[in-house]
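These notes concern the structure reproduced below.
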Amino acid sequence: MRFLRSLSILGLVFALVAPLSAQLPRGRKYKEPPPTAHIEVTVIRASNGKPIHNAAVVFHPTKNDKNEGNMEVKTNEEGKTSLDMIPIGSSVLLQVIADGYRTFGQVYKIDGDSKTILVKMELPENQYSTFKAGSKADNAHTNAPQTQMGQAAPTDSPLLAPPAPSKKGH
């Protein structure tokens, strides 16, 4: 009798303790991800405001000066794209790359649950060249170095002036 009473008390204790032990955390604790912002980016031509299709929009988020990786998305036919993965309170370097346009880059602070960004893409500037476009015959009229856009550089510049005569032996 005593054995049956002890067995029933033990069974009652086990029935009460078993659900409690299932609630105890095991291993690593679950860490809820931070809230994220909805970021919408529109990419247009600066010259006429028309959308740029298939532009690469690269997000480089940082939190506490720590790089959080990067994500790339493409714009649709309306020049728009969006992302819902950047944590609120972080900064993001937004980089936009489109064929035939100068690369765009700017840092934005993500301080709310949504952000709308308009990017106006510019045409690339002319590159500096020491040669004038065209044939050698076009450059036959001058031996002066050429500047950007093919104009002759001023010869009074100390960097372009001929070397001073040597004073050895005179």
Looking only at the stretch 69-84, filter to residues that are touching a His at 6+ places or on another chain (Cβ under 7 Å) and part of a strand (DSSP E or B); which one of those is surrounded by the fewest Cβ atoms within 10 Å (Cβ to Cβ)? 84
Check the stretch 85-96 and report whether any residue there is hydroxyl-bearing (Ser, Thr, Tyr) and closer than 13 Å to residue 119 by Cβ. no
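Would a scan of the stretch 85-108 turn up a residue that is basic (Lys, Arg) and either surrounded by 16 or more Cβ atoms within 10 Å (Cβ to Cβ) or without any contact (Cβ under 8 Å) to a residue 12 or more places away in the chain (or both)?
no
No lab work stands behind these numbers, since they all come straight from the coordinates. The structure displayed is predicted, hence computed values, not measured ones. Cβ atoms come from the backbone with ideal geometry, glycine included; neighbour counts cover every protein chain shown.
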